[in-house]
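Asker: The structure is given below, and queries will be raised subsequently.
The values are calculated or read from the model by the stated rules, or taken from the named source; none is laboratory data. Since we're looking at a predicted model, the values are computed, not measured. With ideal geometry, Cβ positions are generated from the backbone for all residues, glycine too; neighbour counts draw on all protein chains shown. Accessible surface areas use protein heavy atoms only, side chains included; no ligands, DNA or RNA. Shrake-Rupley method; radii C 1.70, N 1.55, O 1.52, S 1.80 Å.
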Amino acid sequence: PEDLTPITVVTGFLGAGKTTLVNHILKEQRKWKMNEFGEVPIDDGLVAESMDAPEDLITMDNGCVCCSVRGDLIRTLGQLSKRRKDFDAILLETTGLADPAPIIYTIQSNPKMSDHYRIDSIVCLADCKHLGQHLDEVKPEGAVNEALHQVAFCDRILLNKIDLVTKEEKEALKTRLTSINKFATIIETQRSRAPLDKILGVNSFNMDSILSYDPSFFEADPEGSEQEGEDKETTETPKKKKKVHKIELVQSVGVQFGGDLHAQWFNMFMMDLLRERAEDLFRMKGLLSFHGQGNTKFVFQGVHEQVNFGPAKQPWGADEERINKFVFIGKNLDRKELTKGLMECLYKE
């Protein structure tokens, strides 16, 4: 439904500039009426003394409202649902939470939530100067660190503090972010001054968003393909200087091919994939053509094992080539293996 209140989830490390962004939205702009809440008071001076107001709500001069979530997100959103028509959007700031999957799951699967709210986008605020070292942090037993999680999950990356790095450092970081999540839009900012129409009310967290992706996203990366699945750089003395592309632990893989899928085979493939790899698959999207379904175009979107599936807003056009498209963002993904498995789901006469 169109009248659901959009929720923008903001992730990012302490010091990336989340508080500055939130204060910019709450105090300096006039276009959006927001309800902001987070797990910590936004700006201690601004919020601390007023936090005992009813429902922990504070109204700002520009009509924005803030509250802290003490404990139960569902309870807080439930209380707000009665007055949600007063707001254009809700900004949910997560403190150091790497994986927004539980929030997404709660809002999409709990009828008390899904009748009132929808996830609009997931924004990762990244500190240009320090993000590289966060991404490099090694966790025990090959676990994925928080920075990789945050970049992998988001639809928008606010690359903040760009004035603190050189142009070369910034471009190298952008290239790296694109290899991890090539489907996220990167927006450069200083002092968290983001153009709000690029992060609020953008509806980028929806099943149909795959329809607008650049076709080049689905082509194989020739540089990375030779060393697919390897996560090591050679330590031997190089015979001649060759540029080593670091294979990230988390990558985005796009797959596309023509034809109609066999619904039952595709279902079985996805069930097996999720049973074996759900934890490693952070996000998935797909655009599908099924045999025997006329001109209905199908789309799906998933976060770990939680997958939503249904018809796209528009059917296949009469002259449109039916190309199935898939996006996977996750840990240790093998593009060839995924492509082979998916193509085995094609309907054969």
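Asker: In terms of solvent-accessible area of protein heavy atoms at a 1.4 angstrom probe, what is the ranking of Y117, Y105, Y347, Y213, highest value first? Please report the intermediate quantities before stating the final value.
Answerer: Working: Y117 5, Y105 120, Y347 80, Y213 35 Å².
Sorted descending by solvent-accessible area, the residues read Y105, Y347, Y213, Y117.
Asker: Also: Need one number: the % of Cα-Cα pairs in the range 93-223 sitting beyond the 27 Å mark. All intermediate terms of the calculation are to be shown ahead of the outcome.
Answerer: Details: 2075 of 8515 pairs.
It works out to 24 percent of all Cα pairs.
Asker: Quick one: with all protein chains in place, what share of the accessible area of the range 81-144 is carbon or sulfur, to the nearest percent (1.4 Å probe)?
Answerer: Details: 1540 of 2920 Å².
Taking all protein chains in place, the range 81-144 shows 53 percent carbon and sulfur surface.
Asker: Hey, another quick one. Between N308 and K139, with labels modelled 7 Å along Cα→Cβ, what's the label distance in nm to one decimal, could you check?
Answerer: Using points 7 Å along Cα→Cβ, the separation is 2.5 nm.
Asker: Please turn the phi angles of the range 210-215 into ³J(HN,Hα) values with the Karplus equation 6.51 cos²θ - 1.76 cosθ + 1.60 (θ = phi - 60°), one per residue in order, whole Hz, x for glycine and proline.
Answerer: Per-residue couplings from phi come out as 4, 5, 9, 5, 4, x Hz.
Asker: What distance in nm separates the two pseudo spin-label positions at S109 and T166, each 7 Å out from Cα along the beta-carbon direction?
Answerer: 4.8 nm
Asker: Taking a probe of 1.4 Å, how large is the accessible area per residue of the range 286-349, in Å²?
Answerer: Values: 3330 Å² over 64 residues.
Result: 52 Å² of accessible area for each residue.
Asker: How far apart, in nm, are two points set 7 Å out from the Cα along the Cα-to-Cβ line at N203 and at T296?
Answerer: 2.1 nm
Asker: If I stretch the segment between R322 and K336 completely, what's the gain in nm (0.36 nm per residue apart, minus their alpha carbon distance), one decimal?
Answerer: Details: separation 14, 0.36 × 14 = 5.04 nm, distance 2.12 nm.
Taking R322 through K336 to full extension adds about 2.9 nm, to one decimal.
Asker: Right, something else. Please list M270, M343 from largest to smallest accessible area, probe radius 1.4 Å, with all protein chains kept in place.
Answerer: Details: M270 15, M343 85 Å².
Sorted descending by solvent-accessible area, the residues read M343, M270.
Asker: Could you tell me the calculated FRET efficiency between T175 and M268, based on Cβ-Cβ distance and R0 = 45 angstrom, to the nearest 0.05? Before the final figure, lay out each step's value.
Answerer: Details: r = 37 Å, r/R0 = 0.83.
Computed FRET efficiency for T175 and M268: 0.75.
Asker: With 23 Å as the limit, write out which pairs from K18/K331; K174/K336; K325/K348; K82/K198; K139/K340; K182/K285 have Cα-Cα distances beyond it, or answer none. Provide the component values of the computation, followed by the final result.
Answerer: On the way: K18/K331 27 Å; K174/K336 25 Å; K325/K348 19 Å; K82/K198 28 Å; K139/K340 31 Å; K182/K285 13 Å.
Listed pairs above 23 Å: K18/K331; K174/K336; K82/K198; K139/K340.
Asker: Mean 1/r over all different Cα pairs, inverted: what Kirkwood radius does the range 251-334 give, in Å? Working shown, then result.
Answerer: Values: mean 1/r = 0.0748 Å⁻¹.
Across the range 251-334, the inverse of the average 1/r is 13.4 Å.
Asker: Taking a probe of 1.4 angstrom, what is the accessible area of F217 in Å², to the nearest 10?
Answerer: 50 Å²
Asker: Shifting gears a bit: Would you kindly find the accessible area of E168, with a 1.4 Å probe and non-protein molecules such as ligands, DNA and RNA excluded, rounding to the nearest 10 Å²?
Answerer: 130 Å²
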